[in-house]
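First comes the structure, then the notes that go with it.
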Amino acid sequence: MKLFTVGPVQMYESTLNIRNKQVPYFRTEEFSEMMLTADKKLKELLNVGKNSETIYLTASGTGAMEAAVMNCFDDKDKLLVINGGSFGQRFAEICSIHNIDFTEIKVPFNVDLNYSMLQQYENKGYTGLLVNLDETSIGKLYNIELLSDFCKKNNLYFVVDAIGAVFADKILFDENNIDVLIFSSQKALSLAPGMAVVMLSERIVQNKVNNSNVKSLYFDFKSYISNFKRGQTPFTPAVGIFIEFAQRIDDIYNKGIQNIIDETENKAKYFRNKAREKGFKLPEYSLSNAVTPILIDGYAYDMYLKLKNEYDLTVTPNGGEYRDKIIRVGHMGNLTCADFDELIENMCIVSKILKGRA
Ligand SMILES: *Cc1c(COP(=O)(O)O)cnc(C)c1O
């Protein structure tokens, strides 16, 4: 079985070796030390200032999205939500549930987000902007500089769900004036699902998080911040995944984050060129290095099923309106160009069979 998915993705041997071992007790010096060291390296990798805080949650990515909104905003805020797919929609739902005023900026399928879509919201009393930098549901990558400049100019807290983008596309926390950066273990980190990370700027911690009145025990960031001073979490974390995380951060740190991003980009480019050569259609909007959407009219879901069931190759299907129109091919994790050769070859075979049937 080979995974060309967006998460969980094909894992590295080093991660699988850790998964084989007994999970240790965690209220120990060793665990604390491991987490503090990993956190220091992580901050360096993503250009996150020393006075920022990291929240390590045991949750999926959505848990971190919701927790971030709950801890950083309340009914006095007014947010902009970039909604260009199902993850943008999720941010909108989270705001609705928590009674936070928001306006959606809908981005049509075929186009990139541009300044003219943002312009009308300048000087209208907004306090924050939420974006899924890679709208992974369709693989669209938004322009981080455009959004960062807009937030800076309008003094908005800049919340970046980078669950599908971090370690695959270039993101610099301080340089991009990010206030909240969210990601999770099962995407580009290539670990098991279960751990989600929220990185917070000094200003959002001081102005918002520390003064928040969160109606939640488990998701109150204040207790995560105070516990992490000693490298601990308030509740039992997914200990095994945290150990995988520390090892993987070490690997990325030693290899260099730009090399990791370049590797993913090269795999994406290699696959995209081959796919176009073979006559597959890709969308025209900007793409994340993490994933390539392929437009397949009418039999996308059948193609996913056939590739999985008969060829042992798992690409990512879509739900909802794109179910029969798009498959997504992930480039994260332990995959090589030879794997993409094999995939393309079999996509051609399956496509011929299904086309013939249609
Ligand atoms: C995968 C993903 C999520 C959420 O994922 P879960 O871990 O399934 O909750 C959120 N946002 C983006 C952009 C993603 O790619």
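The values are calculated or read from the model by the stated rules, or taken from the named source; none is laboratory data. Every value quoted in this text rests on a predicted model; they were computed, and no experiment measured them. Quick reminder, even Gly has a Cβ in these numbers, built from the backbone with ideal geometry, and neighbours come from all protein chains shown. Calculation scope for accessible area: heavy atoms of the full protein, side chains included, ligands and nucleic acids excluded. Shrake-Rupley method; radii C 1.70, N 1.55, O 1.52, S 1.80 Å.
So the values come out like this:
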{"quantity": "Scattering profile of the stretch 235-358 at q = 0.11, 0.17, 0.20 Å⁻¹ [log10 I(q)/I(0), Debye over alpha-carbon scatterers]", "calculated": "-0.46, -0.90, -1.11"}
{"quantity": "Per DSSP, loop trypsin sites (Lys or Arg not before Pro) in the stretch 106-206 with at most 10 further Cβ within 10 Å", "calculated": "K124"}
{"quantity": "Heavy-atom surface of the chain, accessible at 1.4 Å and reported per residue (Å²)", "calculated": "43 Å²"}
{"quantity": "The stretch 138-203 - percent of accessible surface contributed by carbon and sulfur, probe 1.4 Å", "calculated": "44 percent"}
{"quantity": "Translational D in µm²/s for the stretch 142-300 (Stokes-Einstein at 37 °C, 0.692 mPa s, Kirkwood Rh from C-alpha pairs)", "calculated": "180 µm²/s"}
{"quantity": "q = 0.22 Å⁻¹, the stretch 78-144: log10 I(q)/I(0) [Debye, one scatterer per Cα]", "calculated": "-0.93"}
{"quantity": "Cα-based Kirkwood hydrodynamic radius, the stretch 211-303, one decimal, Å", "calculated": "17.8 Å"}
{"quantity": "Whether the stretch 297-358 is rounded, prolate or oblate, judged on the alpha carbon gyration tensor where a/c under 1.5 counts as rounded", "calculated": "oblate"}
{"quantity": "The stretch 1-91: proportion of alpha-carbon pairs further apart than 17 angstrom, %", "calculated": "73 percent"}
{"quantity": "Whole-angstrom gap from the stretch 276-347 to the stretch 209-237, using each part's C-alpha centre", "calculated": "40 Å"}
{"quantity": "Cubic angstrom per residue, convex hull over Cα atoms of the stretch 56-199", "calculated": "97 Å³"}
{"quantity": "Whole-Hz ³J(HN,Hα) from phi, Karplus 6.51 cos²θ - 1.76 cosθ + 1.60, for the stretch 87-101, glycine and proline x", "calculated": "7, x, 4, 5, 4, 4, 5, 4, 4, 4, 4, 9, 6, 9, 5"}
{"quantity": "In the stretch 1-33, the chymotrypsin sites (Phe, Trp or Tyr not before Pro) that fall in loop regions by DSSP, at most 14 other Cβ within 10 Å", "calculated": "Y25"}
{"quantity": "Sequence of C95, C348 from largest to smallest accessible area, 1.4 Å probe", "calculated": "C348, C95"}
{"quantity": "Share antiparallel - DSSP beta bridges, the chain, percent rounded to 5", "calculated": "50 percent"}
{"quantity": "Selection of trypsin sites (Lys or Arg not before Pro), the stretch 217-266, meeting DSSP coil and at most 16 other Cβ within 10 Å", "calculated": "K229, R230"}
{"quantity": "Radius ratio Rg over Rh of the stretch 154-236, counting only Cα atoms, Kirkwood formula for Rh", "calculated": "0.98"}
{"quantity": "Built amide H within the under 5 Å cut-off of I327, gap 5+", "calculated": "I294, I296"}
{"quantity": "Tail weight of P(r) past 40 Å, computed on alpha-carbon pairs of the chain, percent", "calculated": "13 percent"}
